[in-house]
Amino acid sequence: MPKKKEPALGADYSSKMKSRYAEKVKTSAKKYSKAHRRENRVVVNMGEEAQQKSLKELGCQGHCLCGAVSFNIFGDLRQVVNCHCGQCLHTHGHYGAYSSVEKNKFKFVNDAGLKWFRSSNEARRGFCQECGASLFWERLGGSTISIAAGMLDLGQEVKTIGHIYCSDKPAYYEIADDLPQFPQSSKGKIDGSI
Ligand SMILES: [Zn+2]
């Protein structure tokens with residue numbers, strides 16, 4: 001693959017994202033024609049209208065650093081739980097702070113940059129292959145998706161409520177608050193699904 005010119009830091013990715021979206025809704029591999037362009041334009045416009053309508057019911061929006069992964073949440077978020085496990089340390093560079101929501105209340109706006117990494121037999125982690133953001137943790141077959149709290153543009157009050165996998169915490173930092181700590185999983189005591 002020829003190396004493409006990288007956009008400058010903070011560049012506007014919206015046209016890139018739009019063209020990716022158009023590619024995704026194309027229904028065949030036919031040569032791109034004016035008719036296809038018209039067809040795509042209609043689909044995109046309908047999507048925008050539907051999006052405007054549903055934005056009124058939004059609980060929250062979120063996105064990665066570059067915008068190649070973005071999503072809407074249409075319900076209440078779970079409070080934030082800090083996970084100190086080795087996997088979170090190695091994917092986030094520090095502990096992981098996660099909220100979560102039922103999958104049926106979560107909808108991607110753009111998943112062009114999304115890549116899933118199967119991090120264990122039980123779970124996978126979602127990241128942006130454009131900017132490297134670590135966004136999601138998901139138990140395979142589970143009904144919820146965990147979202148790294150820093151990805152959220154919070155319109156609702158969400159607070160940190162506790163710490164899990166504290167026995168894996170490295171010595172370079174201390175947990176300085178009085179929130180409940182669990183050596184491993186809280187087994188649903190504070191976080192429901194983890
Ligand atoms: Zn990104």
**Request:** Would you mind listing how long segment 60-168 runs along its three principal axes, going by Cα atoms, in whole Å with the largest first?
**Result:** 37, 30, 26
**Complete:** Among trypsin sites (Lys or Arg not before Pro) in segment 77-159, those in a DSSP loop whose Cβ has at most 12 other Cβ atoms within 10 Å are K159
**Message:** Suppose every Lys and Arg Cβ carries +1 and every Asp and Glu Cβ carries -1, with no other charges. What dipole size does segment 108-194 come out with about its Cα centre, to the nearest 20 debye?
**Reply:** 360
**Complete:** Residue by residue through segment 71-84, the couplings from Karplus 6.51 cos²θ - 1.76 cosθ + 1.60 with θ = phi - 60°, in Hz, x for Gly and Pro, are 7, 10, 10, 10, x, 6, 7, 6, 4, 7, 10, 8, 10, 9
**Fill in**
Taking placed amide H atoms and a strict 5 Å upper bound, the residues 5 or more places from G113 or on another chain that come that close are V69
**Prompt:** According to a simple spin-label model (label point 7 Å from Cα along Cα-to-Cβ), what is the distance in nm between K103 and Q184?
**Reply:** 2.5
**Item:** Percentage relative contact order, segment 60-168, counting C-alpha pairs under 8 Å, at least six apart
**Value:** 35
**Prompt:** So how far apart, in nm, are the two label points at F117 and C131 if each is 7 Å from Cα heading toward Cβ?
**Reply:** 1.8
**Fill in**
Amide H proximity to G59 below 5 Å, modelled H, separation 5+ or other chain, gives I73, F74, G75
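Rule-based calculations on the coordinates, nothing more; no lab input. This one's a predicted model, so the numbers in the text were calculated from it and none came from an experiment. In this analysis, Cβ positions are derived from the backbone assuming ideal geometry, glycine residues included, and neighbour counts consider all displayed protein chains.
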